[in-house]
Amino acid sequence: KQPLIFAITPTYKRWTQKADLTQLCQTLSHISNLRWIVVEDSEQKTPLVTNLLSHCPVNSTHLNFRTSQSLLNIVNTTDKKPQVKKPRGIEQRNTALKWLRRQYRHGEVKGVVYFADDDNTYDLRVFDEMRPTKMVSVWPVGLAGGLKFEGPICVGDSVKQWYAYWARDRKFQIDFAGFAVNIDIILNTKALILTTSKPGYIENDFLEQLIEFYDLEPKANSCQSVLVWHTRTEKPQMFYEEQLNKMGHPSNPGIEV
Ligand code: UDP
Ligand code: MN
């Protein structure tokens, strides 16, 4: 039987949440043998996400963890340039890792763990690529890091160098969307995503706990195909909601968007 893909998605309430999760549900619904672990950044599981998952044909596990105040309070001490913003989705991804470690012992399940943010764009073929991962597989991520793509440059089946602008001293210069980890590597360690990582080093500091550079397995045509994009959904402006309200034509507050 083919390895099970565990796709971990942190998600938080915003105007485009339902649209983004609907797209991701419909992408993942084409993939067999996949469990979607959705971790809400909230005190309670919300009706919006609960309903969405109940109508989504993907096998899912619904968890929640509210980002702690100490992380929310992180401000840029490097006052000059607004660098990478505050960490997003860290404790939610860790909530999913802890859930996996409670569910399974090492060797109990054949599988791969992938961090699938809710607003990225996924070619279905990226899931075929990651499924046979022995340790950690890698591929480039389109539209990431201020570049056409960010990630590994490979020759045959080894990574030779990285294509990245920021933090070029990283051993692993790759976005969450650009790698997948064999679940036994997760279950063998207590590795978590560190809330103490410098901005831009979060993925690197996680991977450093798991593997060595030479363990990396290039995928996607020796890292020459872009099968995932770090797209970001624009925040919609709700100007006319207020206008119409003031004019005495309020919307139906019962409509879920
Ligand atoms: N996220 C979250 N809580 C937050 C902000 C983001 O759970 O306060 C989730 C978000 O839904 C996404 C992931 O964390 O799945 C990465 O966030 P985002 O896409 O905003 O980051 P960016 O694309 O800007 O790196
Ligand atoms: Mn994003």
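Between amide H atoms placed 1.01 Å from N, distances below 5 Å from Lys110 occur with Leu4, all of them 5 or more places distant or on a separate chain.
Rg/Rh for the stretch 130-224 (Cα atoms only, Rh after Kirkwood) is 0.94.
Pair-distance distribution of the stretch 80-165: all C-alpha pairs, bin width 10 Å, starting at 0; shares per bin in whole percent are 12, 35, 38, 14, 1. Binning the alpha carbon pair distances of the stretch 93-135 at 5 angstrom intervals from zero yields the distribution 5, 17, 24, 23, 20, 10, 1, expressed in whole percent.
Over all pairs of different C-alpha atoms in the stretch 170-253, the reciprocal of the mean inverse distance, the Kirkwood hydrodynamic radius, equals 16.8 Å. Each Lys and Arg Cβ is given +1 and each Asp and Glu Cβ -1; about its Cα centre, the chain then shows a dipole of about 320 debye. Given a Förster radius of 35 Å and the C-beta distance between Met247 and Thr196 as r, what FRET efficiency does 1/(1 + (r/R0)^6) yield to the nearest 0.05? Rounded to the nearest 0.05, the efficiency is 0.10. Counting only DSSP H runs of at least 4 residues, each contributing -39500 (n - 2.57), and dividing by the residue count of the chain, the helix-based mean residue ellipticity at 222 nm comes to -7000 deg cm²/dmol. Highest-first packing order for the peptide set 247-256, 25-34, 99-108, 178-187 is 178-187, 25-34, 99-108, 247-256, based on the mean count of other beta carbon atoms within 10 Å. Counting only aspartates and glutamates at least 8 places from Lys86 when in the same chain, those with an alpha carbon closer than 19 Å to its own are Glu40, Asp41, Asp117, Asp118, Asp119, Asp175, Glu203, Asp205, Glu234. When the pairs Lys1/Lys134; Lys13/Lys190; Lys171/Lys198; Lys134/Lys219; Lys148/Lys171 are compared against a 18 Å limit on Cα-Cα distance, Lys13/Lys190; Lys148/Lys171 fall above it. Between Trp162 and Ile153, the built amide H atoms are under 5 Å apart, and every one of these is 5 or more places off in sequence or on another chain. Here the translational diffusion coefficient of the chain follows from Stokes-Einstein with Rh set to the Kirkwood radius across Cα pairs; for 37 °C and 0.692 mPa s it amounts to 169 µm²/s. Label-to-label distance for Leu124 and Thr231 is 1.6 nm, based on points extended 7 Å past Cα in the beta-carbon direction.
Compute the acute angle (0 to 90°) between the alpha-carbon long axis of helix 17-28 and the principal axis of greatest extent of the alpha-carbon atoms of the chain; round to the nearest 10°. Here the helix axis deviates by roughly 40 degrees. Can you give the angle from 0 to 90° between the axis of helix 90-103 and the longest principal axis of the chain, with both taken from C-alpha atoms, to the nearest 10? The angle comes out at about 60 degrees.
Farthest toward the positive end of the dipole of the stretch 98-222, out of Ile186, Phe172, Ile202, is the Cα of Ile186, where the dipole comes from beta carbon charges about the Cα centre.
Values quoted throughout were computed directly from the atomic coordinates according to the rules given, and no laboratory measurement underlies them. These numbers were taken from a predicted model, which means no experiment stands behind them. When we count neighbours, we look across all protein chains shown, and the Cβ atoms used for this are built from the backbone with ideal geometry, even at glycine.
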